[in-house]
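These notes are about the structure you will find just below.
The values are calculated or read from the model by the stated rules, or taken from the named source; none is laboratory data. Nothing here was measured: the structure is a model prediction, and the numbers come from that model. Heads up, the Cβs are rebuilt from the backbone with ideal geometry, glycines too, and the neighbour counts pull from every protein chain shown.
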């Protein structure tokens, strides 16, 4: 009995030793976790969502609704539901490749590398923004700058050899891993654009900011706003969802 | 006296022949050289100015800096009508430009889209020279591809290509088109990535109803009418639009053309100097050798004025022979250059964005040939002035005693 009680005590102690840091860990997320959470906002193992995208430029203002399916960071499919003029237009992304399907001409076109920096569907997002596989925690060296009122400010500086368009990215993210704001700086250190997250809601058991607002720094009157209407995680998706055949359906 | 002069130049047959042939060679080199330079500059002007910039052009004030799809001229058809009635213009066309994704069956690539008015454009461009194969735009949904693009996409005549782009209202513009022609325009960039479609197709694709990016005019009377046309266009379209002449729009080209002309003038001067000194030398020698003879002539009553005339006439005859022989040789070379062209051995080469064909053809201006011949003759006669003057100043007695 003595032995067993001792062993119980040892096991208990070990368990305590092991869990203590873990608990602290959970309460105070690592910077990497925060960055990954920012990268993965709206993204689970698999997810499907309907969003509204409002684009305002000096020249035009338009609102589109679209449905998207994504699996990890590799695969996604986005289909425009309205307006009628563009309905059915679908973007497929698999890895670093991207295709657009245009129902009007019933054709699928691969976006060539030279046009990846072009606008996606007339928004302030580039094709590259959708395809980017560089995670903040991989391509950047990062450092916590401050923690004020439960909001971390993390400064990410591009690694010299990383193939990224930004020189510096400053992330503001809540301790509960809900991103607040991401500011993108170009290689000269000038602010290029700001993404603001707001309207935090629960979707399918996860706390997610329902609204993303992207504003280019040099055009203060312009923006692209994405509002999430529905969002479901861990849905059943197979390879066929992310195939060229699926584009046309 | 003409007979005397004629006989005199053949007294030293070899020397005269050498002088004549020196002049002839000078002229014979000058003429094709100038034809060649003119051919080069004509090609350059044709590709860069006539086909593209126009003699005078109208555009949105910031279009040339931004190249933005949104910087258009609205109410284009009304403006076009007004410009067409100007007496200073011989032709007007309009164009709309964009960029998009061009795809054939398998491949897709970025392309520069030019929307042109097929009928109007054909007065600016030699359609036959521009088309490598196929035919010019005529029906809706026709498209012509630059030859580089056609190769890249493996798009044959008659095949279908699609274009996807961002329309001006933010929507996706897309269309299916039939390849009717492959273009070799001489503009390096357009040949590599350009497509040509009808103006209305592109306006529809980009959602730019009755808007164009450029209105291009040719001047009545060619290059000499440019400034008058510019003034008149400026008054017609008002201050809202930017009106420029070709040399304002492409100062580099203007500079190059000017430099080229100076270069050929400079060459001309050198060759003429050589010819002039040849005549001077011949005539001086001939006067020197004939000191006694001239002394006798003057002692027998020939007046100094007549001596001057005689020597000048001799120089003139030499120059006529040289110029005629030169014109014959130069003309033959010119003919070859203008019909067959000169194989430069570089293959097609590019300069200032203009592609020159491997066989560059010369351009023959009769005025230039005449100017070569006439200046050669004038120079020769001028070169004979000094020997003639010297001859006339001879003292008959002293001259007769000379060895």
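Here is a yes/no grid of residues against (1) in a loop (DSSP other than H, G, I, E, B); (2) touching a strand residue (DSSP E or B) at 6+ places or on another chain (Cβ under 6 Å):
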position: B:69; (1), (2): yes, yes
position: B:78; (1), (2): no, no
position: B:82; (1), (2): no, no
position: B:96; (1), (2): no, yes
position: B:101; (1), (2): no, yes
position: B:106; (1), (2): yes, no
position: B:112; (1), (2): no, yes
position: B:115; (1), (2): no, yes
- Item | Matching entry among B:278, B:260 (being over 24 Å from residue B:385 (Cβ atoms), at pLDDT below 85 and not in a loop (DSSP other than H, G, I, E, B)) | B:260
- The lone condition residue B:248 fails out of (1) in a helix (DSSP H, G or I); (2) assigned by TED's automatic domain parsing to the domain that holds residue B:369; (3) surrounded by fewer than 19 Cβ atoms within 10 Å (Cβ to Cβ) is (2)
- Note on the structure: If we keep only residues of segment B:169-183 that are farther than 16 Å from residue B:101 by Cβ and surrounded by fewer than 19 Cβ atoms within 10 Å (Cβ to Cβ), then the residue farthest from the other protein chains (Cβ to nearest Cβ) is B:178
- Examine segment A:59-79 for a residue that is touching a strand residue (DSSP E or B) at 6+ places or on another chain (Cβ under 8 Å), outside any strand (DSSP E or B) and over 20 Å from residue B:174 (Cβ atoms), and state whether such a residue exists. yes
- Message: I'm trying to understand the selection: among the residues of segment B:177-234, which are over 29 Å from the mean Cα position of the chain (by Cα) and in a helix (DSSP H, G or I)?
- Response: B:199, B:200, B:201, B:202, B:203, B:204, B:205, B:206
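Does at least one position in segment B:119-126 carry a residue that is in a strand (DSSP E or B), under 20 Å from residue B:51 (Cα atoms) and either outside the structural domain of residue B:233 (by TED's automatic domain parsing) or in contact with a helix residue (DSSP H, G or I) (Cβ under 6 Å, 6 or more places away or on another chain) (or both)?
no
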- Somewhere in segment A:29-46, is a residue assigned to a strand (DSSP E or B), at pLDDT 85 or above and crowded, with 18+ Cβ neighbours inside 10 Å? no
- Task: Would you check which residues across segment B:127-143 are in a loop (DSSP other than H, G, I, E, B) and modelled with pLDDT under 90 and list them?
- Result: none
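Can residue B:166 be described as within 14 Å of another protein chain (Cβ to nearest Cβ) and out of contact with any strand residue (DSSP E or B) (no Cβ under 8 Å at 6 or more places or on another chain)?
no
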- Task: Inspect all residues belonging to segment B:12-24 and state whether any of them is surrounded by fewer than 18 Cβ atoms within 10 Å (Cβ to Cβ), touching a residue at least 40 places away in the same chain (Cβ under 8 Å) and under 26 Å from the mean Cα position of the chain (by Cα).
- Result: no
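For (1) within 24 Å of residue A:79 (Cα to Cα); (2) in contact (Cβ under 8 Å) with a residue 60 or more places away in the chain; (3) assigned to a strand (DSSP E or B), each residue gets a yes or a no:
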site: A:155; (1), (2), (3): no, no, yes
site: A:166; (1), (2), (3): no, no, no
site: A:170; (1), (2), (3): no, no, yes
site: A:183; (1), (2), (3): no, no, yes
site: A:187; (1), (2), (3): no, no, no
site: A:211; (1), (2), (3): yes, no, yes
site: A:224; (1), (2), (3): yes, yes, yes
site: A:240; (1), (2), (3): yes, no, no
site: A:249; (1), (2), (3): yes, no, no
- Which numbered condition trips up residue A:80, out of (1) facing chain B (nearest Cβ under 9 Å); (2) farther than 25 Å from residue A:234 by Cα; (3) in contact (Cβ under 8 Å) with a residue 40 or more places away in the chain? (2)
- Of A:94, A:55, the only residue that is closer than 21 Å to residue A:228 by Cα, surrounded by 17 or more Cβ atoms within 10 Å (Cβ to Cβ) and in contact (Cβ under 8 Å) with a residue 40 or more places away in the chain is A:55
- Hits in segment B:144-160 - residues which are touching a residue at least 24 places away in the same chain (Cβ under 8 Å) and either touching a helix residue (DSSP H, G or I) at 6+ places or on another chain (Cβ under 8 Å) or part of a loop (DSSP other than H, G, I, E, B) (or both): B:145, B:146, B:147, B:148, B:149, B:154, B:155, B:157, B:159
- Query: Which of the residues belonging to segment B:371-392 are out of contact with any helix residue (DSSP H, G or I) (no Cβ under 7 Å at 6 or more places or on another chain) and modelled with pLDDT under 85?
  - Reply: B:371
- Please determine, by comparing only the residues of segment A:100-127 that are more than 9 Å from chain B (Cβ to nearest Cβ), at pLDDT below 90 and not in a loop (DSSP other than H, G, I, E, B), which one is farthest from residue A:53 (Cα to Cα). A:113
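Taking the stated definitions as given, is residue B:229 modelled with pLDDT of 95 or more, more than 26 Å from residue B:106 (Cβ to Cβ) and out of contact with any helix residue (DSSP H, G or I) (no Cβ under 6 Å at 6 or more places or on another chain)?
no
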- Query: Among the residues of segment A:87-99, which ones are within 10 Å of chain B (Cβ to nearest Cβ) and assigned to a strand (DSSP E or B)?
  - Reply: A:99
- Is it true that some residue in segment B:58-78 is in contact (Cβ under 8 Å) with a residue 12 or more places away in the chain, closer than 17 Å to residue B:190 by Cα and buried (at least 19 other Cβ atoms within 10 Å of the Cβ)? no
- State all residues of segment A:66-80 that are over 15 Å from the mean Cα position of the chain (by Cα) and farther than 14 Å from residue A:224 by Cβ; if no residue qualifies, say none. A:67, A:79, A:80
